[in-house]
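So the structure is just underneath, and the comments pick up after that.
The values are calculated or read from the model by the stated rules, or taken from the named source; none is laboratory data. Not measured: the values here are computed from a predicted model. Methodologically, a virtual Cβ is constructed for each residue, glycine included, from the backbone with ideal geometry; neighbour enumeration extends over all protein chains shown.
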Amino acid sequence: QDLFQSPDYYLVDELFTEEHKLIRDAVRTYVKKEISPIIEEYAQKAEFPQQIVQQMGELGCFGPTVPVEYGGGGLDYISYGLMMQELERGDSGVRSTASVQGSLVMYPIYAYGNEEQRKKYLPKLASGEWLGCFGLTEPNHGSDPSSMLTNIKDAGDHVILNGAKMWISNAPYSQVAVVWAKDEEGIVRGVIVERGMEGFSTPTTHGKWSLRASATGELVFDNVKVPKENILPNVKGLKGPLGCLTKARYGIAWGVLGAAMDCYDTALRYSKQRIQFDKPIAAFQLQQKKLAEMITEITKAQLLNWRLGVLMSEGRATPQQVSMAKRNSCEIATNICRDARQMLGGMGITGEYSIMRHMMNLESVITYEGTHDIHLLITGMDVTGFNAFK
Ligand code: TGC
Ligand code: FAD
């Protein structure tokens, strides 16, 4: 078959089960058929390819670890990681759509919701009939969500929601938003807001040079009446949204490796074919140094992700271990994309190759779900016991 062969310098494939490999190949085939042929054009036009929502739902990319009875895949965390890796090999925006839907919308409804909420929302989100988004970040509160201003006030059988969220992936196309807001006691609560509720709007964010094929928007709440039955009953405090972020950050740790592998593969092929000074550029030491460092970093990250996946599946991974993997993968993927772009010379800046698009996308990925520096401080706090945030 002429499917992409991932770089696998340490035979990491042998650590995967047959089921893992089948899942990975199904998503790889989907990306090859449905994403790669169209994504550059959508990114150039800065348009969201809406059709992918239903396609990814049918393929099982939404909520792979959510139990089957709610429409999820009932799979382990290695399967989830491999899915994200393959999607992001296509485009970080495509993986973003799946991360948000599965880890930031379905997971909180599953983990913190009641049975009615699970039954009402999860099957439609899993199938891709509905798209969801996750509202934590605000215009003035990004890395420090504990200072959020968005709030709910008790009004009998409903609450009144006011405030604004910014930089929200999927927002312009979402039917459902999981929104984090403070109650009158200042406690963070999760509420499910539905499109059509009066006073709720989702203006699109324009002018991005990154994640151009992903739809980003604001969530604006102007005295929105939200029924109390839409409050997630089983979590209070910032650990609610942060618990979702742990799941999504784990997926990103795998996802960005897909982008890195694509760039490495492209640079390797190109360097063997591109002749300068009568030799393939792959024969020059400086280019070999770049390729050798790329495959070294990819291999280290593959092993780190695999081990983290085992710990996640066993319920033993800590959020701090997830931070380390998210930060490491984003850093190495960003560096690999930059080096790969240089190896293609002028061709590297064109849309004929995927590298520049990956490179621009990764500037968002290294920023969202906790910036590079925030994850470093999480590790720093974990190993020293001192909190450098405050
Ligand atoms: P802190 O006092 O440390 O923690 C508050 C409570 O939360 C618990 N906790 C966690 N629980 C689960 N997972 C985690 N990762 C957790 N981190 C903390 C903690 O134990 C505590 O629980 P309890 O029971 O004691 O109340 O909170 P803090 O205010 O000091 O903040 C810590 C900090 C800075 C690390 C945190 O705020 C942070 O991670 N900031 C970064 C913000 C961020 O990541 N935003 C992401 C927005 S969503 C997004 O970007 C989606 S992009 C999606 C896409 O398109 O793919
Ligand atoms: P700031 O918090 O203002 O940080 C600016 C700089 O200061 C960073 O370099 C940061 O590392 C540094 N800094 C901050 N605090 C400290 C400190 N204590 N010590 C040292 N340095 C510090 N959010 C959502 O809720 N839902 C989404 O779906 C979502 N999707 C996104 C999609 C895109 C394309 C982007 C770009 C962002 C998205 N975000 C989303 C928001 C994202 O999570 C935030 O951008 C991110 O958490 C950083 O917040 P900020 O942009 O306000 O930066």
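Some points to look at:
- Only one entry in LEU125, LEU131 is within 13 Å of ligand 2 (Cβ to nearest atom), surrounded by 24 or more Cβ atoms within 10 Å (Cβ to Cβ) and aliphatic (A, V, I, L, M), namely LEU131.
- The listed residue being closer than 29 Å to GLU116 by Cα, crowded, with 22+ Cβ neighbours inside 10 Å, under 18 Å from the mean Cα position of the chain (by Cα) and hydrophobic (A, V, I, L, M, F, W, C), out of ILE35, ILE52, ILE78: ILE52
- Condition check for GLY370: farther than 26 Å from PHE284 by Cβ and in contact with a Lys or Arg (Cβ under 8 Å, 6 or more places away or on another chain): yes
- Total residues in segment 315-359, condition closer than 20 Å to GLY243 by Cβ, in contact (Cβ under 8 Å) with a residue 60 or more places away in the chain, surrounded by 20 or more Cβ atoms within 10 Å (Cβ to Cβ) and within 16 Å of ligand 2 (Cβ to nearest atom): 3
- Counted residues, segment 144-159 - those being away from ligand 2 (no atom under 16 Å from the Cβ) and surrounded by fewer than 16 Cβ atoms within 10 Å (Cβ to Cβ): 5
- The lone exception for GLY237 - which of (1) within 11 Å of ligand 1 (Cβ to nearest atom); (2) surrounded by 23 or more Cβ atoms within 10 Å (Cβ to Cβ); (3) in a loop (DSSP other than H, G, I, E, B) it fails: (2)
- Some residue of segment 50-73 being under 28 Å from THR204 (Cβ atoms), among the polar types (S, T, N, Q) and free of Cβ contacts under 8 Å to residues at least 24 places away in the same chain: yes
- Of the criteria (1) out of contact with any Gly (no Cβ under 9 Å at 6 or more places or on another chain); (2) away from ligand 1 (no atom under 16 Å from the Cβ), which one ARG341 fails: (1)
- Residues in segment 59-113 that are small (Gly, Ala, Ser), within 16 Å of ligand 2 (Cβ to nearest atom) and farther than 26 Å from GLN5 by Cα: GLY102, SER103.
- Inclusion of VAL179 among residues that are surrounded by 20 or more Cβ atoms within 10 Å (Cβ to Cβ), among the hydrophobic types (A, V, I, L, M, F, W, C) and in contact with a helix residue (DSSP H, G or I) (Cβ under 9 Å, 6 or more places away or on another chain) is not warranted.
- The set of residues from segment 31-75 being closer than 27 Å to ALA111 by Cβ, outside any helix (DSSP H, G or I) and of a type outside the set (Ser, Thr, Tyr) comprises GLY60, CYS61, PHE62, GLY63, PRO64, VAL66, PRO67, GLY71, GLY72, GLY73, GLY74, LEU75.
- Qualifying positions in segment 282-295 - free of Cβ contacts under 8 Å to residues at least 60 places away in the same chain and not aromatic (Phe, Trp, Tyr): ALA282, ALA283, GLN285, LEU286, GLN287, GLN288, LYS289, LYS290, LEU291, ALA292, GLU293, MET294
- Within segment 287-302, not a single residue is within 16 Å of ligand 1 (Cβ to nearest atom) and either at pLDDT below 95 or among the small types (Gly, Ala, Ser) (or both).
- Exclusive hit being more than 11 Å from ligand 1 (Cβ to nearest atom), closer than 23 Å to GLY186 by Cβ and of a type outside the set (S, T, N, Q), set LYS272, LYS228, LYS208: LYS228
- Residue match in segment 182-204 (condition: within 11 Å of ligand 2 (Cβ to nearest atom) and out of contact with any helix residue (DSSP H, G or I) (no Cβ under 7 Å at 6 or more places or on another chain)): no
- Residue within segment 191-210 that is touching a residue at least 60 places away in the same chain (Cβ under 8 Å), under 23 Å from THR97 (Cα atoms) and either of a type in the set (Asp, Glu) or surrounded by 24 or more Cβ atoms within 10 Å (Cβ to Cβ) (or both) present: no
- Options SER169, SER146; residue that is closer than 28 Å to PRO67 by Cβ and of a type in the set (Ser, Thr, Tyr): SER169
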